[in-house]
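Heads up: the structure comes next, in structure tokens.
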Amino acid sequence: MNNGSCAQPKTNVTLSASQIRLKKDLDSLELPPTVSADTTGLESSSTLFFTIHPDEGYYKPGYFRFSLFFKDTYPIEPPVVKCVNKIYHPNIDTQGNVCLNILREDWSPVLDLQSVVIGLLFLFLEPNDKDPLNRMAAQELSKSPADFKRHVQRSLGGNQVHGEYFDYVLN
């Protein structure tokens, strides 16, 4: 028997403050053409994936995948960012940890996902030898940019640099 009610059943989905903020960040995100996002599965986890494909600099023409994990404390605390690929970079160690000031001491809740993505892209355009995680790469960048460039290019092809193999990141 139809009682005339067409109301949809209510769902008990409540979003946390961090999920609301992340949704807002995603809605306003404007990715440059050299960055793509993979948000599949975001509903069941708090992890986003981004791929950066620099169109200039030492790391052209590599494709670099990053995971960004957002704790319940976001935006009070920054996301935990990891480079999925093992790469030769002064600011990214071989475990994928990323050294970027806005992910540490310069983080502020006014910063957003857009800031993080631009910061990561900037690391590929202007690697920083002054605040390294990979000291050997930083010293090489500082003392011999030509050797650094040659080693970066070797590493992009999945080759060995200084006795360590890196992931193939060319498409």
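The values are calculated or read from the model by the stated rules, or taken from the named source; none is laboratory data. Remember, predicted model here, so these are calculated numbers, not experimental data. With ideal geometry, Cβ positions are generated from the backbone for all residues, glycine too; neighbour counts draw on all protein chains shown. We work out accessible area using only protein heavy atoms, side chains counted, and drop any ligands, DNA or RNA first. Shrake-Rupley method; radii C 1.70, N 1.55, O 1.52, S 1.80 Å.
Does L111 satisfy the condition of being part of a loop (DSSP other than H, G, I, E, B), modelled with pLDDT of 95 or more and either open to solvent by less than 60 Å² (accessible area, probe 1.4 Å) or out of contact with any His (no Cβ under 6 Å at 6 or more places or on another chain) (or both)?
On the way: part of a loop (DSSP other than H, G, I, E, B): yes; modelled with pLDDT of 95 or more: yes; either open to solvent by less than 60 Å² (accessible area, probe 1.4 Å) or out of contact with any His (no Cβ under 6 Å at 6 or more places or on another chain) (or both): yes.
In short, yes.
Report, by residue number, each residue of region 151-171 that is assigned to a helix (DSSP H, G or I), open to solvent by 30 Å² or more (accessible area, probe 1.4 Å) and within 27 Å of N101 (Cα to Cα). If the condition is that a residue be assigned to a helix (DSSP H, G or I), open to solvent by 30 Å² or more (accessible area, probe 1.4 Å) and within 27 Å of N101 (Cα to Cα), then Q153 is the only one that fits.
Look at region 97-116: where a residue is over 20 Å from V84 (Cα atoms) and touching a residue at least 24 places away in the same chain (Cβ under 8 Å) and a partner is part of a loop (DSSP other than H, G, I, E, B) and of a type in the set (A, V, I, L, M, F, W, C), sitting 6+ places away or on another chain with Cβ atoms under 7 Å, you get P109/I76.
The number of residues in region 17-36 being touching a helix residue (DSSP H, G or I) at 6+ places or on another chain (Cβ under 9 Å), among the aliphatic types (A, V, I, L, M) and over 11 Å from L113 (Cα atoms) comes to 1. For the criterion of being under 26 Å from L29 (Cβ atoms), of a type outside the set (D, E, K, R) and surrounded by fewer than 16 Cβ atoms within 10 Å (Cβ to Cβ), V81 fails. When region 48-76 is filtered for residues that are open to solvent by less than 50 Å² (accessible area, probe 1.4 Å) and closer than 17 Å to D112 by Cβ, the ones remaining, listed by number, are L48, F50, F66, L68, F70, Y74, P75. D147 falls short on exactly one of the conditions (1) at pLDDT 95 or above; (2) open to solvent by 70 Å² or more (accessible area, probe 1.4 Å), and that condition is (2).
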